[in-house]
Every structure is written in structure tokens, then in C-alpha cells.
1. State all residues of region 367-389 that are out of contact with any strand residue (DSSP E or B) (no Cβ under 9 Å at 6 or more places or on another chain), under 22 Å from Phe335 (Cα atoms) and among the hydrophobic types (A, V, I, L, M, F, W, C); if no residue qualifies, say none.
2. So which of Arg14, Arg64 ends up being among the basic types (Lys, Arg) and either loosely packed, with under 14 Cβ neighbours inside 10 Å or over 26 Å from Gly330 (Cβ atoms) (or both)?
3. Select, from Arg392, Arg364, Arg406, the only residue that is of a type in the set (D, E, K, R), without any contact (Cβ under 8 Å) to a residue 40 or more places away in the chain and assigned by TED's automatic domain parsing to the domain that holds Ala319.
4. So which of Leu324, Leu304 is in contact (Cβ under 8 Å) with a residue 12 or more places away in the chain, closer than 20 Å to Ala355 by Cβ and among the aliphatic types (A, V, I, L, M)?
5. Check region 312-325 and report whether any residue there is buried (at least 20 other Cβ atoms within 10 Å of the Cβ) and either outside any helix (DSSP H, G or I) or β-branched (Val, Ile, Thr) (or both).
6. Working only within region 39-63, note down all residues that are charged (D, E, K, R) and in contact with a Pro (Cβ under 9 Å, 6 or more places away or on another chain).
7. Please determine, by comparing only the residues of region 297-311 that are at pLDDT 90 or above and under 27 Å from Pro232 (Cα atoms), which one is surrounded by the most Cβ atoms within 10 Å (Cβ to Cβ).
Amino acid sequence: MRFTPQFLDELRARLPVSEVVGKRVRLKRAGKEWKGLSPFQQEKTPSFTVNDQKGFYHDFSSGRHGNIFDFVMETEGVSFPEAVERLASMAGMPLPAVTPDAARHEQRRKTLHDVMELAAKFFADTLASRNGAKARGYLADRAISPATQLQFRLGYAAAERFGLKEFLGSQGISTDDMVEAGLLVAGDDIPVPYDRFRDRVMFPITDLRGRVIAFGGRALEKDVPAKYLNSPETPLFHKGDNLYNLATARQAAHDGAALIVVEGYVDVIAMVTSGFAGAVAPLGTALTENQLALLWKMADEPILCFDGDRAGQKAAYRAADLALPHLKPGKSLRFALLPEGQDPDDLARSGGRGAIEEVISAARGLAEVLWSREIEGGNFATPERRAALEARIGELTNAVRDEVVRRYYRQDFAERLQRNFAPEAARGGYGRG
């Protein structure tokens, strides 16, 4: 098989249907969908719809229906392999090499998915058993009910060094498969591979299709090197390309829920149980470009909700700088800062949905966050200091790659400079070149 299901799934994830169709059809937003005139036959009233969340187009006038591959084949008269090649070029994805190992590699991934599913069931069963009492106590203290534990498939990795290894071995899973899936710690200096996760509450991490691809483990003892431990990079899992609760949040966002990014697993669970089903979290790292691209496929303006401390503010600024070069017309971010010393879990428990809604409703736009950072604590009493501020603002706007968005950012910041300082500050523009 030339194109593996994994490659085709990645291509679909990178290319919204509206982006592909928009090359040939002038589309206009219509609620959760896009509408335009049929590319297959003449019509005066638009009956052609595109749904990015579901990944298909439908032409009511001709009855044609399909995905991005079907559209390219239909409109360009090419075969499926040719359609894939053209779309891969559009997405900037290299085509997979044709090797005798390709089919075996795909079968290997399927095997690893099976291993991860078995591990998730083992951890969940352990949580429900007598050995899981301590973990259940921790979850109860965090107000995570048994029903919520089942909803998120939470589990517990007992303190034994070989508990998971022995269970998977009894199911016919080889040690090599366990190591490759990231479930065991192995190496030249380790004579006998052992369980990576021990005495930890387990949070399964799934892909867009809901398959378990990794785990996050929260330690129950205080004197451990890492309070949270994630799976390592594996053939299934690349932490910078995924988000916790991604599949569920994508559906929720499609159904109209706000897409909200918080910092941790428990924060996501607190948000979801408070009625905010579109909550996701990065996986132990700062937000990445690939995660940002995922967010924008689900919503035009995701809301980043950070802890109300200095670290949370710095995280917001990092995300703002990350987003700036990638802004597109209609695509931006909003920022919601929590009360000092509180995270979403704290706020949900102390104030419930109403308290969270208040924070989300006060979310600020990206331009406002950047402006606040640049003037924070500054003294602009002299012309030279105001000029330095204008120069910094010019550098920020130059980072925006999209010409139209860049032009509006220059206008926005020029108006802010004019409102806050002397009218001369905006004359002659800035950030030219």
C-alpha cells in the first residue's frame, strides 16, 4: 500500500476541506459550514456546502458528496494517487517512500495501538481494584467523581516494577512491543526493562480517532523527581502534535462550544465537568506551532486560559509571540487570565460554572495582550522612550506574515499610540519595509 491510513489521516488533518475547495469555489461562511455555487453544474443559488469538522462537501444540485480526495479527483480528473500527490504538495508533506517495509510498518502501528488499549484497560481495572484505593482517594480529593473517571478512562499504575509488564506478557505482548509503545524503561544499562509508570494516577491520551496513543501519569508521592510523567516519543505519539481531550473537544467545538486551552489534565476535566466541553491542554510543554494549527482547524479564535500568576502571564505572552507570524484573516487567539493563585480546577470547585464563565467572558484579544506587555511598567515621559516603544511595536507587526492582517495590526497599534501619547506618534507610520 503506497499511502498508509496514517499518512492519509495526517493529510486530512492538515488540509481543511474548505481550503481545498476554496481553490476552485468562492465560499462564504454559513453558520458552522461554508456555502458556494456548485463546481459541477451551473446554478444561480448556492447549494454546495462544505463542513470542515466532518471533513466532507455535499452538492445538493448534483448529489455529489465526498472528501478532499474525491473533490480533487472530480474537479481535476485525476486518479486517487495523483490526487494524494497534489494534496500532499499543497500541505507541504513529503510523500512516503515506496519500500517493501511500508505495509509491515503500518501493521506495526496497529499492533502498538492494540498494546496501548490493553494498557489503558489494565490501568482502569487497577484503579477499580483494592490496589487502587489510594488513587481513588486522590481523585475524590480533586472532586473527580467515579462517573468522570470512567468518562476520561482514568486509571492507576501500581507501585510494582513489573505489574503492567507481566499483564501484557500474559496477553501475548512482547517486551519489544512494550518498549516501543513507551510503556517500559529500557536501555543498554538496564538489564531487565521495567514499568515506566509506577504509583501514578493515569490519564490516557488519545488521537483524533479516539485511540489511546500515550499516557500522562500523576505521582501520588511528593518525593518523586517528576510530579507528572508523560509517555516518551513513540511511533504513535509526538507530544507537540497532540492535545489532551482533542477528539472530544473537536466535536464539542463543532457543536458550538468554546474551544478553551488550559494547562493540565485535571484542569481539562474540571472544565468539562463544569460544562465547558471544548477544553484541551498541551502535553507537558508550552504550546507548539502544530498544536496551534490544530486549534485553528477547530475554531477561529481559541481561548487560552492560563493560571493567574506570573508564570501564567509569561505563558500567555509566549503563546502570543508564537501565534503572531501565523495569523490569517479571521484566525486569532483570545486570552483569559484566572484570578491570582487559582487554576481552572480551583475556580471550578470554588465558584462553579458561573465563575469560569466570568473569566472566559473577560478574555482579551491578541493585539490587546501584546500592547499590554509592551507598555507594562514602562515610563514613556520622553520622546526617546516613546520612539523606542514605537520601534518595538513595529518589530511586532513585521512578524505578521499575512499582508492583510499585518496592515490591520499596524493600523491598530498606530491608533493605540495616538490615543495614549502625542498625535505625532502615529504620523508617518512605522514598521515599514
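1. Answer for region 367-389, where residues must be out of contact with any strand residue (DSSP E or B) (no Cβ under 9 Å at 6 or more places or on another chain), under 22 Å from Phe335 (Cα atoms) and among the hydrophobic types (A, V, I, L, M, F, W, C): Ala367, Leu370, Trp371, Ile375.
2. Details: Arg14 fails: either loosely packed, with under 14 Cβ neighbours inside 10 Å or over 26 Å from Gly330 (Cβ atoms) (or both).
Every option except Arg64 fails the conditions.
3. Details: Arg392 fails: assigned by TED's automatic domain parsing to the domain that holds Ala319; Arg406 fails: assigned by TED's automatic domain parsing to the domain that holds Ala319.
Only one candidate qualifies: Arg364.
4. Working: Leu324 fails: closer than 20 Å to Ala355 by Cβ.
When all the criteria are applied, what remains is Leu304.
5. Checking region 312-325: not a single residue is buried (at least 20 other Cβ atoms within 10 Å of the Cβ) and either outside any helix (DSSP H, G or I) or β-branched (Val, Ile, Thr) (or both).
6. Looking only at region 39-63, we keep the residues that are charged (D, E, K, R), and these are 43-44, 52, 54, 59.
Listed by number, the residues that qualify are Asp52, Asp59.
7. Within region 297-311, the match that is surrounded by the most Cβ atoms within 10 Å (Cβ to Cβ) is Cys305.
This table checks each residue for (1) crowded, with 19+ Cβ neighbours inside 10 Å; (2) under 20 Å from His326 (Cα atoms).
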residue: Gly217; (1), (2): yes, no
residue: Pro232; (1), (2): no, no
residue: Asp241; (1), (2): no, yes
residue: Val268; (1), (2): yes, no
residue: Phe276; (1), (2): yes, no
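The values are calculated or read from the model by the stated rules, or taken from the named source; none is laboratory data. Everything quoted here is computed from the prediction, not taken from an experiment. Backbone-built Cβ (ideal geometry, glycine too); neighbour counts: all protein chains shown.
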